[in-house]
Amino acid sequence: MPNKYNRTLAVDYAIKYATDPNKQYKYYKFINGNGGDCTNFVSQCLKAGGSPVDYNKIRPWWYHQGKSSICWSVAHSLYWYLKMNQSTNRNVIKGLEIEDIHNLEIGDVVFYENYNNVIFHSAIITSFVDVSGNKEPLISQHSFDQLNGNYLKSYEYKKAHFLKIIL
């Protein structure tokens with residue numbers, strides 16, 4: 001199936017709303033070191049790139065009138081939603097985990113794993129910068145709101161997981 005994910009539209013959305021959240025969506029505040037809007041923002045970007053909402057009963061991915069599925073708004077749930085969809089023939093967004101960051105494109109997603117082996121944060125790749133002849137991804141995110149930041153310096157983490165987005 002050809003990739004119908006429009007990376008440019010996803011990134012245009014991310015750039016527009018990275019530091020000024022879209023008022024049509026609920027903004028999940030970061031309170032006492034918990035919660036945050038990172039995955040809600042990434043899901044909005046994926047949807048803007050043409051990803052269809054998914055109302056399946058096992059792993060739904062949707063947002064409607066201020067309410068959302070867990071996969072829409074929680075980092076580890078979106079991570080597993082995208083990875084598990086890779087093995088299905090359904091017309092839903094998928095994420096193929098890749099190790100070589102040189103194979104990334106704008107519109108792909110990075111997930112951060114903490115030292116307790118929990119995916120706790122997500123961000124979308126919105127640009128690249130040349131570092132000593134190598135392209136390094138720049139991310140846009142919420143929780144803290146950031147446009148084209150260095151993915152290495154955003155949070156303290158054990159491992160970054162890069163997912164190539166496919167529709």
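The values are calculated or read from the model by the stated rules, or taken from the named source; none is laboratory data. Quantities reported herein were computed from a predicted structural model and do not represent experimental measurements. So basically every Cβ, Gly included, is an ideal-geometry build from the backbone, and we count neighbours across all protein chains shown.
Provide a single number: the residues in the range 15-40 that are aliphatic (A, V, I, L, M) and outside any loop (DSSP other than H, G, I, E, B).
2
All but one of (1) buried (at least 18 other Cβ atoms within 10 Å of the Cβ); (2) more than 13 Å from the chain's Cα centre (by Cα); (3) closer than 18 Å to residue 18 by Cβ hold for residue 127; state the number of the condition that does not hold.
Answer for residue 127: the failing condition is (1).
Return the only residue of 48, 18 being surrounded by 22 or more Cβ atoms within 10 Å (Cβ to Cβ) and either modelled with pLDDT of 95 or more or at positive phi (or both).
Criteria check complete, one pass: 18.
If you go through the range 29-55, how many residues are over 15 Å from the mean Cα position of the chain (by Cα), among the aromatic types (Phe, Trp, Tyr) and more than 15 Å from residue 92 (Cα to Cα)?
Number of matching residues: 1.
Considering only residues that are of a type in the set (A, V, I, L, M) and in a helix (DSSP H, G or I), look in the range 41-55 and name the one that is farthest from residue 8 (Cα to Cα).
The qualifying residue farthest from residue 8 (Cα to Cα) is 42.
I'd like to check something: does the range 46-55 contain any residue that is farther than 23 Å from residue 165 by Cβ and of a type in the set (Asp, Glu)?
Within the range 46-55, none of the residues are farther than 23 Å from residue 165 by Cβ and of a type in the set (Asp, Glu).
Could you tell me whether residue 132 is modelled with pLDDT of 95 or more and of a type in the set (Ser, Thr, Tyr)?
Spelling it out, it is not the case that residue 132 is modelled with pLDDT of 95 or more and of a type in the set (Ser, Thr, Tyr).
Given the options 94, 23, 67, name the one that is under 12 Å from the mean Cα position of the chain (by Cα), more than 19 Å from residue 121 (Cβ to Cβ) and among the basic types (Lys, Arg).
It is 94.
Anything in the range 69-103 that is of a type in the set (A, V, I, L, M, F, W, C), under 17 Å from residue 166 (Cβ atoms) and surrounded by 21 or more Cβ atoms within 10 Å (Cβ to Cβ)? List them, or say none.
71, 78, 82, 93
Which residues, taken from the range 78-103, are assigned to a strand (DSSP E or B) and either in contact with a helix residue (DSSP H, G or I) (Cβ under 6 Å, 6 or more places away or on another chain) or over 16 Å from residue 5 (Cα atoms) (or both)?
94, 95, 97, 98, listed by residue number.
Hey, which of the strands (runs of 3 or more DSSP E) in the range 104-167, taking only ones fully inside, have at least 1 residues that are touching a residue at least 40 places away in the same chain (Cβ under 8 Å) and touching a helix residue (DSSP H, G or I) at 6+ places or on another chain (Cβ under 6 Å)?
Result: 109-113, 119-131, 134-141, 159-166.
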